[in-house]
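Data block below; observations after.
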Ligand code: PSV
Ligand code: MN
């Protein structure tokens, strides 16, 4: 491990008096700060195994070096993030990019870093070397039954890997769809996909969930067979109680009101989890909170209110995952920023005076409703999030410590300049 308890303690010691000053000032103005801090400590965000290397576009890729080349190295990277912030205690794997050769050993390794396995992801959007049939024209929707069966078998295999690792959910994202009018019979594509999902659903262990992830466009540009939350919800409702919709923040058409989508899915008991990221145009996969942090806060506001109404456990009852790509930033720095942005939005949402907001809504007092939300959003909760880290043994300033300790330079020394992570 490139970081240890002593290094973190020394880092915190040097920042303690400045932090205490800031924290005492904000804590003195708020009620219930300790309860908020307990919730923040509890809240863990899964890191995607495919986001630990440098991402790219179809125009190129510029590696920063020192990327993890094996699953073991990816786990070490997530372990490092978790040591720095104590909020990244899970990893989400993509199969076949990350097939564990020895599941028992991999599970033990993850546990040694305090990590558990969140949702496992299947991949029927790429053809793999040696694969018998192509997914060029889709997988579960395919007109050829043999292709559909191959995709179903793959998903079952992913479940088996997940079971060995102690995961309890499968995320299915299908790139299925069409790029030109007339290419596809929408009805048949839907029915084929539903039939395939039913077979996969039947293979789920009793305590598992399946998340059906939707996406408006890309790689198909005319239709997507799971193109929006309505279609995902249709599948989830038809499949049964273990099936849920997964919301990837970058998968909507421009200006979609994601917070409303989230509120309604939660109310229907069909919200399964998240892929956090941010975007300006499409599925940009940018750092969480880097473009529209207010939207992120509004989403968390709906989540907190909706989960509290149903007495749900904030940390455990939904899947919290990042799905991002880092083209020009250091992936680990970017992930630290993403986790921080999520914790900030969550903390701000916990500050919302829900009762006062309800009163304002009942009285059609629009101005007061806005004031209440913005009062929470404009509170600088960073000292509260930092205090949660301090109390859980993490670093007061994870990104600074990452740089102080020259982690990337040391990773490059260990792994080399040209190491390329598996994934996209
Ligand atoms: C597709 O854009 C997606 O959001 C899905 O979650 C995939 O699993 C992931 O990105 C990686 O391609
Ligand atoms: Mn996603």
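Rule-based calculations on the coordinates, nothing more; no lab input. On a predicted model such as this, the values are computed, not experimentally measured, just so you know. We place every Cβ from the backbone using ideal geometry, glycine too, and count neighbours over all the protein chains shown.
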Overall form of region 1-45 per C-alpha gyration tensor (a/c, 1.5; a/b vs b/c) = oblate
Spread of Cα-to-Cα distances over 5 Å intervals beginning at zero, given as percent, for region 292-374 | 3, 13, 20, 21, 16, 11, 8, 5, 2, 1
Could you work out how far the C-alpha centroid of region 341-401 sits from that of region 262-289, in angstrom?
-> 19
Volume in Å³ per residue [convex hull over Cα atoms, computed for the chain] | 144
Given 341-354, 97-110, the highest-first ranking by average Cβ count within 10 Å works out to 341-354, 97-110
When N is the residue count of region 107-263, what does its C-alpha Rg come to as a fraction of 2.2 N^0.38 Å?
-> 1.06
Give the relative contact order (percent, whole number) for region 194-297; include only Cα pairs under 8 Å separated by 6+ residues.
-> 22
C-alpha center-to-center spacing [region 193-249, region 9-58] in angstrom | 33
Stretch residue 137-residue 295 to full length: gain in nm at 0.36 nm per residue minus the Cα-Cα span?
-> 53.4 nm
Given that compact globular proteins tend to follow 2.2 N^0.38 Å, what is the ratio of the alpha-carbon Rg of region 1-100 to that value?
-> 1.43
When the helix-only estimate is applied to the chain (DSSP H runs of n ≥ 4, each -39,500 (n - 2.57), divided by the residue count), what is the mean residue ellipticity at 222 nm, nearest 500 deg cm²/dmol?
-> -15500 deg cm²/dmol
Full-stretch length increase - residue 149, residue 391 - with 0.36 nm per residue and alpha-carbon distance subtracted | 82.1 nm
Going by a ≥ b ≥ c, the root eigenvalues of the Cα gyration tensor, does region 206-253 fall in the rounded group (a/c under 1.5), the prolate group (a/b larger than b/c) or the oblate group?
-> prolate
What translational D, rounded to a whole number of µm²/s, comes out for region 53-190 from Stokes-Einstein when the hydrodynamic radius is the Kirkwood one over Cα pairs, at 4 °C and 1.567 mPa s?
-> 76
Note on region 179-323: alpha-carbon gyration tensor, axes a ≥ b ≥ c; rule is a/c under 1.5 for rounded, else prolate if a/b larger than b/c, else oblate; result oblate
Pop a pseudo-label 7 angstrom from the Cα along the beta-carbon direction at both residue 20 and residue 163 and give the gap in nm to one decimal.
-> 5.4
Which of 281, 294, 201 comes first, and how do the rest follow, when ranked by fewest Cβ neighbours within 10 Å?
-> 281, 294, 201
Express as a percent, rounded to the nearest 5, the fraction of DSSP beta bridges in the chain (both residues included) that run antiparallel.
-> 15
